[in-house]
Structures are given as structure tokens and as C-alpha cells.
Amino acid sequence: MTRDAIADELFPRLNDEPQDKANVVHTFVQVRKMLEHDKHPAKYWTLKFFCDWVAHPQLAGTGAQKLLKMLDDRLPSFQDKPEKWDPDGLVHNILSFQLLRKHLCEFLKANDLPTRWTEDEFTWNTVVRFYGQQVLDTPLVIDNHKNALQYVRKLEIVGCEPSQEVVEANPEQKHYGFKWLLTLNDDRAIAFPFTGNIPERPANWPTQGIRATRS
């Protein structure tokens, strides 16, 4: 498919809310094809990584290595003072998929495509839950014989449930969540549960990011 044909196919998909995991996977695969046409501009390496992640049983490529290096660089602070491990919020943005959201939104805007999937909070909640289900048990791994990370060996989502403590503390709310597991070179494992809130969509909510036409 040509780049324009891919964009034309994506336009109505991105104007709508995904109804199943297959819809999300197909959309990211098509975005990945657009990046192929663009020769993978360096500024979109994170988006390419997230697109690759939905299509592989495990991932050990350049994008996965860069992301794991980000975590590896912060781990000494975590071991010393866990509360100081994430001063710039990067780890949270990875585990909450806000990094994916930001860079996907930038790509959609740059390519004149609807931004509903990223700018509409309610649609994004649907997208991120389907995305997390797709990459469940799809580890990011690194071969430390070739890439000398000091601590990190593997990162994966091992469950798609919210934290029970958060659910019990807020019984009036709906939640989604991911159970992240970081495996270190010494075989220790560190669990990072992430829980997000699913708000009720107001009856008169003006859906954000919808585009009428593609110019």
C-alpha cells in the first residue's frame, strides 16, 4: 500500500473508538507501515517501538534496548531510595503508556490524521486497555553479552488487572491496570503495578480529536 492509501484507511478508524483488540493492533501495524515509508525518522523511535511491540512474541530490538536503558540508568536510585527513582516522571510515563500517547498524538497531528485516540480521554482509556492486553506476556528482553546494562534483563506485563488495594479503597470507581514485572540480571524481580481510573463518559460529552475531512 502507498503511504496515502494507508492514511486514507486509518482516517475513519482513528475517528472512531476501537471496539476490540484486533482493531488496535491493525491500526498500530498500519502506523508502523507509514513510518516505514518515512524511513523511520529518529524522532519517532518510541512510536516505532510501541508499534513493533504489538506484532512480536518478544522484543529485543533497538527500541526495546533504548527503553530498557532508560530504566537501567535509574535503578541505582531505586535501590537506594525508591521514592527518588523517577524524578522526571519518565518511568511513570512508560508504565502508564503516557509516553505512547504523547508520541502517537504528535505523529497523528503531523500527518493530518484524527487525534481522537489520544486527545479524547474516554477513547484513550479504551485504546490503552486493548493495547495492554495485546502486549501481555510479551517481554522486552536484552542480551547483556552484547548490551552491557548493569541491572535490567527483562520488562513485561504479566497481568491486566488493577491493584486490589486501589480498587478496595475506591469502590465507587471503575479501574483498569497492568502488572509490570522488571527482572534483573541477578534474577531478582521487581513488581510495578499500575492502576488507572475509568471515568463515566458524560451524556453530552463533546468527543475530542475528531476530524471531518483529511486535507
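The values are calculated or read from the model by the stated rules, or taken from the named source; none is laboratory data. Remember, predicted model here, so these are calculated numbers, not experimental data. Each accessible area value is taken on the protein alone, full model and side chains, heavy atoms only, with ligands, DNA and RNA left out. Shrake-Rupley method; radii C 1.70, N 1.55, O 1.52, S 1.80 Å.
What angle do you read, to the nearest 10 degrees and between 0 and 90, between the alpha-carbon axis of helix 3-14 and the longest principal axis of the chain?
That helix lies at roughly 90 degrees to the long axis.
Jot down the per residue volume, in cubic angstrom and as a whole number, of the convex hull over the alpha-carbon atoms of region 48-187. Let's see the in-between values first.
Details: hull volume 18.4 nm³, N = 140.
So the per-residue Cα hull volume is 131 Å³.
Please grab the % of Cα pairs in region 24-124 that end up more than 24 Å from each other. Could the numbers behind the result be given before it?
Details: 1454 of 5050 pairs.
So the pairs more than 24 Å apart make up 29 percent of the total in region 24-124.
Which pairs break 23 Å Cα to Cα here: Lys109/Lys174; Lys43/Lys179; Lys66/Lys109; Lys21/Lys102? Kindly include the intermediate steps, with their values, before the conclusion.
Working: Lys109/Lys174 30 Å; Lys43/Lys179 29 Å; Lys66/Lys109 25 Å; Lys21/Lys102 20 Å.
Pairs exceeding the cut-off: Lys109/Lys174; Lys43/Lys179; Lys66/Lys109.
Roughly how many Å² is the accessible area per residue of the chain, as a whole number, for a 1.4 Å probe? Let's see the in-between values first.
Numbers: 10860 Å² over 215 residues.
Computed with neighbouring chains in place, this is 51 Å² per residue.
Going by a ≥ b ≥ c, the root eigenvalues of the Cα gyration tensor, does region 1-80 fall in the rounded group (a/c under 1.5), the prolate group (a/b larger than b/c) or the oblate group?
Prolate, since a/c reaches 1.5 and a/b exceeds b/c.
Of all the accessible heavy-atom surface of the chain, with the other protein chains kept in place and a 1.4 Å probe, what percent is carbon and sulfur?
Numbers: 5520 of 10860 Å².
Solvent-exposed carbon and sulfur of the chain make up 51 percent of the total.
How large is the translational diffusion coefficient of region 74-120 in µm² per second when you combine the Kirkwood radius over alpha carbon pairs with Stokes-Einstein at 10 °C and 1.306 mPa s? Kindly include the intermediate steps, with their values, before the conclusion.
On the way: Rh = 12.2 Å.
Rounded to a whole number, D works out at 130 µm²/s.
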